[in-house]
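Working notes, structure below.
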Amino acid sequence: MSATKPSRTRRFAGFIIFRLLPFCIILAVIWFGYGAAQGITRRITEQVEAGQRQPAYADTAEAIRPTLTTFTPTGNTTAIATPLPTHAADSAAARRRADTLVLVAQSFATNTPEPPTEVPIILPPSNTPAVEPSPTPTATATASPTDPPTATFTLEPTPTETPRALPTLIPVSTVDPAAEAAAPTAIPTIVPTVDRHGYDLVNILLLGTDGELTGDDFDRTDTMIIVSINRTTGTVAMLSLPRDLYVYIPGWTMQRLNLAYTRGQQVGWTDGGFGLIRETILYNLGINVHYYAIVNLSGFKQIIDTLDGIEVAVDCAIQDRELIGAAPPEQASAPNDQGYYTLPVGYYQLNGEGALWYARSRHNSSDFDRGRRQQQILRAIWRKARDTGQLAKFPELWSQATEVVQTNLAFEDMLGLLPIALNLDTGSMEQFTLARLYHTTPWQPPDGQFVQLPNYEPILQLLEDFYRPPTTSQVVVEGAQIKVYNGTSNPDWDRVAAERLAWEGFNAIAAGPAETSTYADTILIDYTGRTKGSSLQDIVQALNVRPENVRIEPDPNREADFVVILGSSYNSCTVGGVLPVEDNTGG
């Protein structure tokens, strides 16, 4: 008797169970094994790179530890008030002269490695020192500065209220002969104080430390931005200082600027780390910094996440690996075979981790460009806090802020600056960065580190502009309106270009998509027809528009003075030290 032939259903089930399912399991094992191998390979690569750079930490520690003796310099902390302005500012074109001198595209060696493992994150303690008796601050409150403030505040200053007098500083102007003899290069003499031109300026030094990454008890301040608030004009300027700027640190020797803070902490300098970095900046740059605020990496992320993210216009493509404590933004491309992610030109919503990656990335750029991006982040934080009403709620959030940010600013100091922050617009905010090979000269001392020697004369020109408020530039005199249209299929490019123009003080709006998305080159149309006093050349320079793509079409009935139609070749990345990212797909 012949055997019964299996049914079609049983044959199909047997195929699934005994053939297809094992094959799928094998494929899954191979796939996950490949992913794990890639992860292990990437981690090993990071460890090897960190190991290669690790001697820099040992060199720093060995250089500092033998000199960690308590040193308390004498100084004068008398507070003085500043006079009223007597000087008019220079032209806006002069402010950008240094930016156009050097556009160098190359990579630079760095001195702060990425360690192979993460260390525990510890938020800095609150540091709200007691303040001296002072006149009534520029606000009234129902709570004292040491108590959790309530929401009942009057932010409008009255004629009888005056800000607290600012602290001044007598610098350490003498150099120990032994230190001068041991220095790897000549120690410069103290520079003159930069002329304030009679403006009432409040200078705040913003510091970011890498102590969470290194775990070696040395808080290098790789982020150093001076925010100068002009209380006379209600304007703000930001200046980024490169971490590798090679300067004289009083009481010590010639060394990188990012070591001044930790040196002051270790030797017990007057006012600690801030006291010494303040002395260092005054000695070498002639800028008197009055206050400071310092935050670590986790605090940085927490601030941005509290705001539910920020919006950033990326006009220079960034490429880097995943950083310890900072994953690439979700909008970045998939990693290539070397593990590099790419964030192409675009307008992005970034959370704390993505913003930290953008601010710290240095694979295809320099420390000078990193300072520019960090200023972008600060502007985005201010804009988001203002637009969402968080800035107006600052009095209620003071106690939370001091859990994340360590500062010597008193509550009434911050409250006095709040009206300026609330009324500030992008045209009243300027940004300054040093240009490599113009403001600084690369040098390698005998210990092998890579540093930047300051070139005093060009830096002085920059600092004089930094101290003056934004001028009434020609575009403002004209009342010029600029509309930017996106003539490509790349999303939000009109917003990127409009913000790029806003950085230069222009009144530009993102007008959305053009009639077609097939423009190859960027077109600039001038409807004013002016031959003198026009902003045309400034717009051409800011957006890198080719001369043959500029059209002069006078129109008395125009809705906008200038119209920009972006093409697929649009590239406004004009900062020095940024390498082009040829492949934005990550493939």
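Let a ≥ b ≥ c be the square roots of the eigenvalues of the Cα gyration tensor of the range 301-434; is it rounded (a/c under 1.5), or, if not, prolate (a/b larger than b/c) or oblate? Judged from the Cα gyration tensor, the range 301-434 comes out prolate (a/c at least 1.5, a/b above b/c). Protection proxy ranking of 444-450, 463-469, by the mean of other Cβ atoms within 10 Å over each peptide's residues and highest first, is 463-469, 444-450.
On a per residue basis, the range 209-320 carries 21 Å² of accessible surface, using protein heavy atoms and a 1.4 Å probe.
Which shape class applies to the range 259-328: rounded if a/c is under 1.5, otherwise prolate when a/b exceeds b/c and oblate if not, where a ≥ b ≥ c are the square roots of the Cα gyration tensor eigenvalues?
prolate
Amide H contacts for LEU245 (H built 1.01 Å from N in the peptide plane; partners 5 or more residues away or on another chain; cut-off under 5 Å): LEU257, ASN258, GLN452. Highest mean packing comes first when the peptides 536-545, 415-424 are listed by Cβ atoms within 10 Å, giving 536-545, 415-424. Residue-wise HN-Hα couplings along the range 283-295, as the Karplus relation 6.51 cos²θ - 1.76 cosθ + 1.60 with θ = phi - 60° gives them from phi, are 5, 9, 10, x, 9, 8, 8, 8, 9, 9, 9, 10, 9 Hz; Gly and Pro carry x.
Taking the accessible area of the range 184-263, probe 1.4 Å, and keeping the other protein chains in place, the carbon and sulfur fraction comes to 54%. Think of the range 414-547 as a dipole: +1 on every Lys or Arg Cβ, -1 on every Asp or Glu Cβ, centred on the Cα centre; then among PRO513, SER535, LEU434, SER535 lies furthest on the positive end. Counting protein heavy atoms only, the range 497-571 has 45 percent of its accessible area on carbon and sulfur, 1.4 angstrom probe.
Under 18 Å from the 7 Å Cα→Cβ point of ALA181, by amide nitrogen: which residues of the range 231-273? The answer is 251-254. When its C-alpha radius of gyration is set against 2.2 N^0.38 Å (N residues), the range 292-377 gives a value of 1.02. Over 26 Å apart at the Cα level, from the set LYS301/LYS393; LYS384/LYS532; LYS393/LYS483, are LYS384/LYS532; LYS393/LYS483. When TRP269, TRP443 are compared by accessible area at a 1.4 angstrom probe, the order from most to least is TRP443, TRP269. Rounded to whole Å, give me the distance from the Cα center of the range 228-286 to that of the range 414-474. Measuring centre to centre over Cα atoms gives 14 Å. Computed over protein heavy atoms with a 1.4 Å probe, the carbon and sulfur contribution to the accessible area of the range 325-463 reaches 52%.
Solvent-accessible surface of protein heavy atoms, probed at 1.4 angstrom with all chains present, puts ARG256, ARG386 in the order ARG386, ARG256, largest first.
Residues whose amide H falls under 5 Å from that of GLY251, counting only those 5 or more places apart or on a different chain, are ASP176, with hydrogens built in the peptide plane.
Residues whose amide H comes within less than 5 Å of that of THR441, counting only those at least five positions distant or on another chain, are LEU453, ASN455 (H built at 1.01 Å from N in the peptide plane). Is the C-alpha gyration tensor of the range 401-459 telling us rounded, prolate or oblate? Criteria: a/c under 1.5 is rounded; beyond that, a/b larger than b/c is prolate, otherwise oblate. Since a/c reaches 1.5 but b/c is at least a/b, the shape of the range 401-459 is classed as oblate.
Think of a 1.4 Å ball rolled over the protein heavy atoms: the range 402-444 then has 36 Å² of accessible area per residue.
The values are calculated or read from the model by the stated rules, or taken from the named source; none is laboratory data. As the structure is a prediction and not an experimental result, all values here were calculated from the model. Note that each Cβ is placed from the backbone with ideal geometry, even for glycine, and that neighbours are counted across all protein chains shown. Only protein heavy atoms, including side chains, enter the accessible area calculation; ligands, DNA and RNA are left aside. Shrake-Rupley method; radii C 1.70, N 1.55, O 1.52, S 1.80 Å.
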